[in-house]
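Note sheet for the following structure.
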Amino acid sequence: MAITTQPISPSSTRPSGAAPVAPNPAVRTPSRLDNRWMRAVVPALLIHISIGTVYCWSVFKQLIADQMRVAPSTIEWGFSLAIFFLGMSAAFLGPVVEKDIRRSALISLVCFVAGFAGTGASIAAGWLPGVFICYGAIMGVGLGVGYLTPVKNLMLWFSDNKGLATGIAVAGFGLAKAIASPVMTWLIASVGLVNMFYVLAVVYAIMMFAGFLLIRRPAGYVYSAAARVRRRTVMRRPVFWAIWLAFYLNITCGLALISQEKDILHDALAVMPRFAGLDAAAFATATAGVISTVLAVDAVFNAVGRLGFSTLSDHCRRRETSYVVIFVMSVVVCLLQVVFHSIDNGTLWMILVMLFLVNAGYGGGFSTLPVLLEQHFGMSSVSTVHGLALSAWAFAGLSGNQLASFVVTHAADQSHRYAGLIPVLAVLYAVALVAILLAMRDRKSADERDVVNVAV
């Protein structure tokens, strides 16, 4: 005879006549949304794809300069300030992200959207300082807090593949330009420059608000102020500064090359037989498609590098290995340009290899950083330490483009001015390699330093 069983309800376990037990309001009832994709990956992408549009600056910077009747070099300070405030707000507000992820998501939403919309209002009013304040300072704070917010959360939810998880989020930041640039171009043509800022401010507000509503720490996670490593303690550790220097140089070199890649391609294409005999107008038309295609592929390599190098770190005994691969690769491709004079000779395939791999390494440096810091300082304070390290981004944002401009402008032979930039980058990548090798000498784990890792 078949035996059937009935599930035992909570009420059946109470003594007869006992009062019902009130639910504990502190315990959140799990829902179908409580998984690592909906609580970590989706909000990370919603936030990072929104704030990553800071890299769309080149789409509208000339239009802002024209409308406000100032030199493009003056307007460039808007972007430089945005990156500077990104890094510095991350450095100072990392503990806020550590303590309350919902609050940090809200801060990011308010500052980024207000700064983006305020930029449009400043342009409409013809108020140049307003562009610097809104796009640079206010939006910059939203960028820094928003960049940090999803990272530790992903590492907690994906404790088995932390590198892959951070790569997913940071890839969203890298792909934002490819997604938003054509949309911005269409909106500018359709509704105008100022209204483009207003329309996208609404779109980003909706996206980031959805991210705010969805993001949660995993069940069982408890914030412990006692387990947190203090910033002054972090800054006393030589290994932190070795990582900081390596990260800074990777960004500086990446920005220096990326800022000049259109001109590098232009010079290389000009000496190729296919284009050498064309007049200026025909040359511009013929090469426009080549250059735009290369820039689009750059974005793909940037995103792939963010995913690939952080995932590689998951499979290495030391996460510094990913950085070693990045810097060795970058030194080699730069030296090949020097040895074979690829820019001067128009050896396009060698130039493309350099641009694509440097872009991949540039992106990979961002995604690998948080898991590398977690290796040395523990999970309990990764947002704080990551924020401090992102100060390198602030200073690199001010120095990368300027370094390239200085080298190109002061080249002894102006006919080979872009080729002169490459050996400088090779030397800086070599210094970064030495810095990360020094970091690898720090053999003690976070556990051995009594830094508490939060178990999920």
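The values are calculated or read from the model by the stated rules, or taken from the named source; none is laboratory data. Keep in mind it's a predicted model, so treat the numbers as computed, not measured. Positions of Cβ are generated from backbone atoms using ideal geometry, with glycine treated the same way; all protein chains shown enter the neighbour counts.
Ser122 - would you say it is crowded, with 23+ Cβ neighbours inside 10 Å and either under 18 Å from Leu63 (Cβ atoms) or over 21 Å from the mean Cα position of the chain (by Cα) (or both)? Criteria met by Ser122. Remark: Val170 falls outside the filter, which requires a residue to be touching a His at 6+ places or on another chain (Cβ under 9 Å), among the hydrophobic types (A, V, I, L, M, F, W, C) and not assigned by TED's automatic domain parsing to the domain that holds Ile101. Would you check which residues across region 39-58 are in contact (Cβ under 8 Å) with a residue 12 or more places away in the chain, within 19 Å of Pro182 (Cβ to Cβ) and in contact with a Phe, Trp or Tyr (Cβ under 9 Å, 6 or more places away or on another chain) and list them? The answer is His48, Ile49, Ser50, Ile51, Gly52, Thr53, Val54, Tyr55, Trp57. Of all residues in region 202-230, those being over 22 Å from the mean Cα position of the chain (by Cα) and surrounded by 18 or more Cβ atoms within 10 Å (Cβ to Cβ) number 2.
Okay, residues lined up against (1) under 14 Å from Phe356 (Cβ atoms); (2) touching a strand residue (DSSP E or B) at 6+ places or on another chain (Cβ under 8 Å); (3) β-branched (Val, Ile, Thr); (4) not in a helix (DSSP H, G or I):
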position: Asp267; (1), (2), (3), (4): no, no, no, no
position: Thr285; (1), (2), (3), (4): no, no, yes, no
position: Thr293; (1), (2), (3), (4): yes, no, yes, no
position: Ala296; (1), (2), (3), (4): yes, no, no, no
position: Ala299; (1), (2), (3), (4): yes, no, no, no
position: Leu307; (1), (2), (3), (4): no, no, no, no
position: Val339; (1), (2), (3), (4): no, no, yes, no
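The set of residues in region 235-259 that are polar (S, T, N, Q) and buried (at least 21 other Cβ atoms within 10 Å of the Cβ) comprises Asn250, Thr252. Remark: pairs (first residue in region 270-288, at pLDDT below 85; second residue not basic (Lys, Arg); Cβ separation under 7 Å; 6+ apart in sequence or on different chains) = Ala276/Ala270.
Residues checked against (1) surrounded by fewer than 22 Cβ atoms within 10 Å (Cβ to Cβ); (2) without any contact (Cβ under 8 Å) to a residue 60 or more places away in the chain; (3) outside the structural domain of Val239 (by TED's automatic domain parsing); (4) within 23 Å of the chain's Cα centre (by Cα):
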site: Leu390; (1), (2), (3), (4): no, no, no, yes
site: Val408; (1), (2), (3), (4): yes, no, no, no
site: Ala412; (1), (2), (3), (4): yes, yes, no, no
site: Met440; (1), (2), (3), (4): yes, no, no, no
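Please verify whether region 229-252 includes one or more residues that are among the charged types (D, E, K, R) and within 30 Å of Lys177 (Cβ to Cβ).
There is no residue in region 229-252 that is among the charged types (D, E, K, R) and within 30 Å of Lys177 (Cβ to Cβ).
Residue by residue, here is whether (1) at pLDDT below 85; (2) at negative phi; (3) among the basic types (Lys, Arg); (4) surrounded by 15 or more Cβ atoms within 10 Å (Cβ to Cβ) holds:
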position: Val21; (1), (2), (3), (4): yes, yes, no, no
position: Asn24; (1), (2), (3), (4): yes, yes, no, no
position: Thr29; (1), (2), (3), (4): yes, yes, no, no
position: Pro43; (1), (2), (3), (4): no, yes, no, yes
position: Ser50; (1), (2), (3), (4): no, yes, no, yes
position: Thr53; (1), (2), (3), (4): no, yes, no, yes
position: Ser58; (1), (2), (3), (4): yes, yes, no, no
position: Lys61; (1), (2), (3), (4): no, yes, yes, yes
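Among the numbered conditions (1) on the phi < 0 side of the Ramachandran plot; (2) assigned by TED's automatic domain parsing to the domain that holds Val42, the only one that Cys253 does not meet is (2). Looking at Asp314, is it more than 22 Å from Ile351 (Cα to Cα), acidic (Asp, Glu) and out of contact with any strand residue (DSSP E or B) (no Cβ under 9 Å at 6 or more places or on another chain)? Spelling it out, Asp314 is indeed more than 22 Å from Ile351 (Cα to Cα), acidic (Asp, Glu) and out of contact with any strand residue (DSSP E or B) (no Cβ under 9 Å at 6 or more places or on another chain). Only one entry in Val229, Val203, Val183 is part of a helix (DSSP H, G or I), at pLDDT below 95 and within 30 Å of Leu369 (Cβ to Cβ), namely Val183.
In this structure, does Ala189 turn out to be crowded, with 18+ Cβ neighbours inside 10 Å and in a helix (DSSP H, G or I)? Spelling it out, it is not the case that Ala189 is crowded, with 18+ Cβ neighbours inside 10 Å and in a helix (DSSP H, G or I).
Working carefully through the options Lys177, Lys162, find the one that is among the charged types (D, E, K, R) and touching an Asp or Glu at 6+ places or on another chain (Cβ under 8 Å).
Step by step, each of Lys177, Lys162 is checked, and only Lys162 is among the charged types (D, E, K, R) and touching an Asp or Glu at 6+ places or on another chain (Cβ under 8 Å).
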